[in-house]
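Here, each number is a calculation from the coordinates, and none is a lab measurement. This one's a predicted model, so the numbers in the text were calculated from it and none came from an experiment. Here the Cβ positions follow ideal geometry from the backbone for every residue, glycine too, while neighbour counts run over all protein chains shown.
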Amino acid sequence: MTTATHGNDHGLSIRSLVGLLRRNVLLLTVGTLIGILAGLGATSLNRQYAATVIVEVAPGSDVGQTSTLVQSAASVLVSPIVIDTAAKDLGVDSSTLSAEVTSTVQAGTNLINVSAVSDSDQSAVDAATKVVNVALNDYRARSQERASQVRDAGSELLANGSLDQTRAEAARQSSIGSVVGSSQGQAIQDTVSVSVASPALSAYRVGVSRPIGVILGAAAGFLIASLVALSRSWNRRRPIKTLSDLEYAGRMGGVLIETPLRAAGHALNAAKPAVLVLGADPATRESLARTVMTSMQENGTHTALVVVTENAGPIDRTGEYTWEVGDDQVNTVMSRARRRRLPDELDVNTVVMCAPISGQTNAYLAGQDDYVAFVAVKRGTRVAAAEDQFRLVMAADPIAVLTD
Amino acid sequence: MPAPSGNPTRTGAHRPTVRWLISIFAATILLQRLSLPGGIIPVLLVVVIAACAYALLTGLMEFDRTRLSLYLLAAGLTAFAVVPQVLFIRDPLVSLTSWGLFMTIWAPATLALVHRSRETLIAAFRGCFWWGLALGIAAVLMRLIQMAGVPYVDPLAFVVPPNLLVQGYVITYPIEYGSEIYRSNAWVGLEPSIISLQLGVTLLLGLLLRMNVGWLAVVAAGIVCTVSGSGVFIALIGVAVMLFTPMRRSLWGYVIAGSVALVLLLQTPAGQSLGRRATEITLSGSSTSLRAIEPYRYLWPQWTADPHNVLFGLGAGSSQKLVDATNRAGLLIPSPVKVFFDYGVVAGIALAIFLVYCYYGAPSLSLAVSLFTSAWILQPGTTTFVLVAPTLIFVTWWAPRAAERIEVEPVTRLEATRPKVEVHL
């Protein structure tokens, strides 16, 4: 027996969820396939390659200076003048190249990754290599310029100064020459401190790999499709087709849900003097009542069926085990059943009473323990209509039965 | 008509639910350091997922339709974000593991307890308080033993192989440079700050349940011994919220006693070292700054460099990879960064709505607000399961609440001391 969620409009049992997913297998499959195609398409359409040149910066006199040198070099490597020159050489737009190339310091080292991302592997290698070459040439040009500035300054010092004594002059020139040479060396060292540690020989795929795109796409498709399936189940105007639909309709009052045969078994086990079968549709409730009666008789319980019929008279036999009673006699009949007189009068163990849901029947439901109460819900009834029926007979703790 | 089997009588606590919930809280305390081989997937996550499956099958729990719908939307959109990321983001960093772990951690938030009556809630919270109190006692003991001259050792490291312990956490460290006293992690804690947070929650439970002041003092002492502000933050926010509710009438005694204890505590070395941490957020490199300020300072320029980054995010796990690349110990990823940096505004809003909704409809406003504030400001509250667990245990699984908030209808002395007898048919 299934219990609809007890008093909680928000709840959904695991059984209901599994049932919901099973009923929407097609939707879930289509959603998953669309997701797979989206993931596959995106990762196939957007193939990106990256190539990286690793640049080494000569260490400074201490850790702080090295860090400053490395950070400065990382900026200079992708500076506008470098990018503009490289773009001109490669024949591409400067802004495009600027977006494609990055320089990143490898944390804790004096190495810089200059990476280029492009649509083809060769252009990624070319871009990374060209940018680094231009940057290094720029460094060299600047170091040469600096060295020549130092040399010129030294030459001027040597040429313009003079001493009276020849030996003093020779010593002075030798000393200045040494200083100039040292300055030139330092100037070159200060500027040409960057070199290629590892060139970009080939490119590699970057971004999202195809398997990851497919897996995430499939997950997205499945999850969104599940959401659609779940939201469809919230529709109170949908017809009840399965026990899970009926369970959803009965969620507010914790109504128990059963099939007709299992309901009959439950009535048999309960061994009450009366079984009350209620329902909005006369044919549906009578069908369920007959199923229950037949099942109980087959199991050795003498059972009579009393059908409440509009405009019928006092209780009147219509068949071997069937009686009919007018709807204005419901009070009397139920009162007799409650006092166990009716089964005795009809010479049976149990009376199965089939009645519409009305104020008269409902008046007998609260707090009673002489009945097993069923609500027959015809397959195809809208969820909202079933909810209305349950609300009326809630006092009887009824068992809802899905009936064809 | 017999009463339907499985339906509880509503006059008492539902004992199976109470037992189950207390067991989960005990597991969050005892199992937080254990992992599956490899040190990445915590045992706690596996245990809670298995316990939720058991609870679903036995009818202790059910899916909450609203949270399930929001979860499916958030999970679906964040997974689908890979498509625009591939198409529009330059070299996106997408980690399938990161997305999967995130969604697995928050999957239990789609569930709700079937039996959420006030009696069940009080009994469950009461049981959890005792476990929290035991944790507080352990934290204090750890400090006292060290003060007696016994050096700190990690007993779990002797018993459990390293590959079965969660990696990447600083289990504990000296309370200050050169000190031989280590911050209390109660020997079982993943970090002192996590123990502090659990004790902060315990303190709030004690206040909500109007527990004995002495027990609360022990829990507070435990927080002090961790020398971590996480528990203090939780307790302060929670008490501040309580003061704006009808519960304040029963709170003044605790507030006065707590204030006196606080003044006395600040005279002790432990209290002073905790007090010094109150203003550390202004210091670059401090624990609080690394949690609440510096992650934004570091990741904001990268996120806003391109409008596509803002719209679609840089990929699941990208924030973690970039933060790891800084080699800055202690630099954490707060929830807003994780949500919007990784998944962008489009999917991130759906994810944020789900995460925020997990705090909606809680039976205790103070617990919900304090845990939410902690998770969204201080803690890496979306991907560390031991930090997510208190939210599930004390907030989400009880929502939508079945009765009035505890702060509005405070627990009576009788309820606190003599819970109603359970009748389960």
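Taking the 0 to 90 degree range and rounding to the nearest ten, how far is the long axis of helix A:166-191 tilted relative to the main principal axis of chain A, both from C-alpha atoms?
The two axes meet at around 10 degrees.
Mind sorting A:S174, B:S250, A:S233 by how few other Cβ atoms lie within 10 Å of their own Cβ, fewest first?
The fewest-first ordering by Cβ neighbours comes to A:S174, B:S250, A:S233.
How high is the FRET efficiency from A:S79 to B:L36, r the C-beta distance, R0 51 Å, rounded to 0.05?
With R0 = 51 Å, the Cβ-Cβ based efficiency is 0.55.
Run the helix sum for chain B: -39,500 (n - 2.57) per DSSP H stretch of 4+ residues, divided by residue count, reported at 222 nm to the nearest 500 deg cm²/dmol.
-18000 deg cm²/dmol
Say R0 is 45 Å: what FRET efficiency, to the nearest 0.05, do B:Q302 and B:E180 get from their beta-carbon distance?
That pair, B:Q302 with B:E180, gives E of 0.60.
Among A:A128, A:A51, A:A73, whose Cα lies farthest out toward the positive end of the dipole of segment A:49-170, if unit charges sit on the beta carbon of Lys, Arg (+1) and Asp, Glu (-1)?
The one lying farthest along the dipole's positive direction is A:A73.
Where in chain B are the helices, taken as whole DSSP H runs, whose Cα atoms extend 15 angstrom or more along the long axis and whose Kyte-Doolittle mean reaches at least 0.0?
What comes out of the filter, once short or polar helices are dropped, is B:15-30, B:43-58, B:65-80, B:96-106, B:118-147, B:192-208, B:213-226, B:229-242, B:252-265, B:335-357.
In degrees from 0 to 90, rounded to the nearest 10, what is the angle of the helix A:210-233 Cα long axis to the longest principal axis of chain A?
Rounded to the nearest ten degrees, it is 30.
Any idea what angle helix A:282-298 forms with the longest principal axis of chain A, computed on alpha-carbon atoms, 0 to 90 degrees, nearest 10?
70 degrees
What is the mean projected area of the alpha carbon convex hull for segment A:47-99, to one decimal in square nanometres?
For the Cα atoms of segment A:47-99, the hull's average projected area reads 4.8 nm².
Residues with amide H under 5 Å of A:Q48's amide H, sequence separation 5 or more or different chain, H placed in the peptide plane at 1.01 Å from N; which?
A:V206
Tally Lys/Arg at +1 and Asp/Glu at -1 over every other residue whose Cβ is under 15 Å from the Cβ of B:P84; what's the total?
-2
Summarise the partner chain shielding of B:55-63 as one whole number: the mean count of Cβ atoms from other chains within 10 Å of each residue's Cβ.
4
Tell me the net charge near B:V345. Cut-off is 15 Å between Cβ atoms, B:V345 excluded, with +1 for each Lys or Arg and -1 for each Asp or Glu.
So the surrounding residues net to -1.
Over all alpha-carbon pairs of segment A:231-352, lay out the pair-distance distribution in 10 Å bins, whole %, shortest bin first.
With a bin width of 10 Å, the distribution comes to 12, 39, 29, 15, 3, 0.
Out of all DSSP beta bridges with both ends in the protein assembly as shown, state the antiparallel percent to the nearest 5.
Looking only at bridges with both residues in the protein assembly as shown, the antiparallel portion is about 55 percent.
Averaged over every viewing direction, what's the projected area of the C-alpha convex hull for segment B:46-178? Give it in nm², one decimal, please.
Its Cα hull, projected and averaged over all orientations, spans 14.0 nm².
What does the helix-only formula give at 222 nm for chain A: each DSSP H stretch with n ≥ 4 adding -39500 (n - 2.57), the total divided by the residues, and the result rounded to the nearest 500 deg cm²/dmol?
Result for chain A: -17500 deg cm²/dmol, rounded to the nearest 500.
How long is the gain from A:D119 to A:S358 if the chain were fully straight, where each residue apart is worth 0.36 nm and the alpha carbon distance is subtracted?
78.6 nm
Could you list B:L197, A:L288, B:L236 in order of exposure, starting from the residue whose Cβ has the fewest other Cβ atoms within 10 Å?
B:L236, A:L288, B:L197
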